[in-house]
Amino acid sequence: MNDNAPITDLKGVGEKSQKLFEKINVRTVGDLVNHYPRAYESFEEPVPISETVPGEVCAIYASVTAVPGQKKVRSLVIINVLVRDSSAAMQLTFFNMPFLKKLLRPGGFYVFRGLVQTRSAARIMEQPQIYSIEDYRKQTGVLQPRYSLTKGLTNHAVQKAVKQALGLYEFEEEFYPERILSEYDLTSIKDALCSIHFPEDTVSMQRARRRIVFDEFFSFLLLLRKNKELSARLENGYPMYETADTVRFLEGLPFVLTKGQKKVWQEIRDDCSGAFCMNRLIQGDVGSGKTIVAVLALLMCAANGYQGALMAPTEVLAMQHFDGISSYTRTYKLAFHPVLLVGSMTAREKKEAYRKIASGEANLVIGTHALIQEKVVYHSLALVVTDEQHRFGVRQREHLAEKGHKPHVLVMSATPIPRTLAIILYGDLHISVIDELPANRLPIKNCVVNTAYRPKAYEFIAKEVAKGRQAYVICPMVEEGELEDVENVVEYADKLRAALPPYIQVAYLHGKMRPADKNKIMDAFAAKDIQVLVSTTVIEVGINVPNATVMMVENAERFGLAQLHQLRGRVGRGEHQSYCIFVSANEKKQTMERLGILNKSNDGFFIASEDLKLRGPGELFGVRQSGDFAFEMGDIYTDAGILKQASDAVESLLKEDSELASDKNAALKRHFSATVRNSVDFRSI
């Protein structure tokens, strides 16, 4: 069975299951084999209630003492169950599971497994899993893979399908030459794929993961180095010079650029007026003012008679850029004629946008991936700006650049990456750093707390809303069942509505919603019609609502510090004091110390470097720092050592055989010529 065999070729996967698998982007057997576990669970023996540890997932074997109690708070059904063993009692709470009132009979013994928390002096579990002792014993002592799911698709169903697929799969020939396998101690690709799904033990899982991470980094860096060769020192076909337009714009702004912004603006002007094309990255912390520098570059482009394009990773952010630049254009009489192009526009709206772009009537095009569709023909594209560069594959950025004839390229990123890693990841770009915030920004006040603090946090949010402010609450997951013990957006919004005063409007937002629905929610939040927004990290990038003053992050221990810092950047953008509350369900000393770094500093680069020091290769799952780099498994922070090794391997390989023409590299060339991974295209090799 090969990569392209449809998933319905597997026994037990019918039309209904096929549709569920498609929701998690699994359409072929190859997709399934490369649908790696997102975490592993090790089912330990049940412990006495008195020995459970707050902040840890534990299993208890206990009896139900009485008929479960039930109450309803608006639309939320809450079931409370008291259980007991010979050592102590524990309170269990379940949400929207009314059937448990009949299922859990007084006197019945069950295994309950979940995150232990404290409330006052009592230990509690919320939403634990329930097993018979026989079913639980079958899972003990084995690393159980946990996959990304969707509603209706169980973890067991994915496990079963993966096991069957691996038994029938035609594994690819080993593509690395023996020297690379030996020098970097890499297991075979077949062993890696089998062990990543069903490891014999932690050691075999770590070896499998290391091989897959190395492959991801190697693929990315190989393309990056080849692109660097192709794009090196292109002659400047669109020379640009500063005009009165940018000078007047800067004079009219109600603020003065920081030293960092002025330095980067000078570098851009030097690049665009020089002999060669600009190929530059602006790396700046959240709120450092990268966007205004990009607007200046685009304005210089328009004033010189050319077209510019600004590509954002989401429609919400693209529309925000369009609204912001349109407002600047009206207020300061700028030389822009902007047009918006996003996927959710109607066919008629897109057709009109295409016309304006092709004729040159629009000298600034703002949008998402829609900017690189075949139907888009540019008139004189001279400058390409990509916002949040790390969210685009290398090839996507290249596609937009190819829409013009060797245009200048400017990319922006707010991801705080230590310079040693940035040089590896952005090897094809010159790097500029904006390392200071505007002077009028009040520092955000932070606190790291456990789940017992929630009622106080809700009271604080209500007080801020009473002052006319707004709040974000961030949860890692979207729907119940995707990952146990993690707050999810849809249910959490119901809980929050029950906990806050009825006049406070609560809404939720997540990446699985239609773009039009996401835009509607964000527009309502920006207009203050929604006071509290419960969201996944879809709001992480670039969203600007200056009136929002509270950011509360649930399950903060599940995020990397760089990502938490990005989320924190959604508040503190206005004149009012802002606050960030990091709620950790895990109270281990190491976890709380790691999160405590956020209390010490609001400097993203300091936070990233400190986190890099604290975290080692043993901490492989559960916390992702750099998921936005389109790596399925690799994390540039946790796996910094592997990233450097992959970089060394690519450099030495290309130095020895730049075209991969030798016999010993033939399998490697076949592999990378036929494979598309991480949204990049290897046809240029």
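Quick notes on this one:
- Listed by position, the strands (runs of 3 or more DSSP E) inside the range 1-79 whose residues that are of a type in the set (D, E) number at least 1 are 39-42.
- Among the residues of the range 137-182, those identified as crowded, with 16+ Cβ neighbours inside 10 Å and in a loop (DSSP other than H, G, I, E, B) are Y147, S148, L149, T150, L153, Y169, E172, F175, Y176, P177.
- Within the range 646-660, being of a type in the set (D, E, K, R) and either in contact with a helix residue (DSSP H, G or I) (Cβ under 6 Å, 6 or more places away or on another chain) or free of Cβ contacts under 8 Å to residues at least 60 places away in the same chain (or both) holds for D648, K655, E656, D657, E659.
- Qualifying residue in the range 104-111 (condition: surrounded by 14 or more Cβ atoms within 10 Å (Cβ to Cβ) and assigned to a strand (DSSP E or B)): yes
- Per this entry, R123 is not counted among residues that are in contact with a Cys (Cβ under 8 Å, 6 or more places away or on another chain), surrounded by 17 or more Cβ atoms within 10 Å (Cβ to Cβ) and touching a residue at least 60 places away in the same chain (Cβ under 8 Å).
- Candidates are the residues of the range 25-63 that are touching a Ser or Thr at 6+ places or on another chain (Cβ under 6 Å) and modelled with pLDDT under 90; the one that is surrounded by the fewest Cβ atoms within 10 Å (Cβ to Cβ) is R38.
- Checklist (1) touching a residue at least 24 places away in the same chain (Cβ under 8 Å); (2) not in a loop (DSSP other than H, G, I, E, B) applied to E134, failing item: (1)
- Failed criterion for A297 (all others in (1) more than 19 Å from K403 (Cβ to Cβ); (2) of a type in the set (A, V, I, L, M); (3) in contact (Cβ under 8 Å) with a residue 60 or more places away in the chain hold): (1)
- Within the range 669-685, considering residues that are surrounded by 14 or more Cβ atoms within 10 Å (Cβ to Cβ) and more than 30 Å from R419 (Cβ to Cβ), the one modelled with the lowest pLDDT: T675
- Qualifying helices (runs of 4 or more DSSP H) (wholly inside the range 480-578; at least 2 residues being over 25 Å from Q590 (Cα atoms), at pLDDT 80 or above and in contact with a strand residue (DSSP E or B) (Cβ under 6 Å, 6 or more places away or on another chain)): 489-499, 515-526
- Hey, S50 over 37 Å from the mean Cα position of the chain (by Cα) and of a type in the set (S, T, N, Q) or not: yes
- Residue list for the range 581-615, restricted to those being surrounded by 22 or more Cβ atoms within 10 Å (Cβ to Cβ), modelled with pLDDT under 80 and assigned to a helix (DSSP H, G or I): G604, A608, D611
- In the range 345-380, the residue that is modelled with the lowest pLDDT out of those that are surrounded by fewer than 17 Cβ atoms within 10 Å (Cβ to Cβ) and of a type in the set (S, T, N, Q) is Q373.
- Checking each residue in the range 366-388 for being over 20 Å from G237 (Cα atoms) and of a type in the set (A, V, I, L, M, F, W, C) picks out I366, A370, L371, I372, V376.
The values are calculated or read from the model by the stated rules, or taken from the named source; none is laboratory data. Quick caveat, the model's predicted, so the values are computed rather than measured. Every residue, glycine among them, receives a Cβ derived from its backbone with ideal geometry; neighbour counts consider all protein chains shown.
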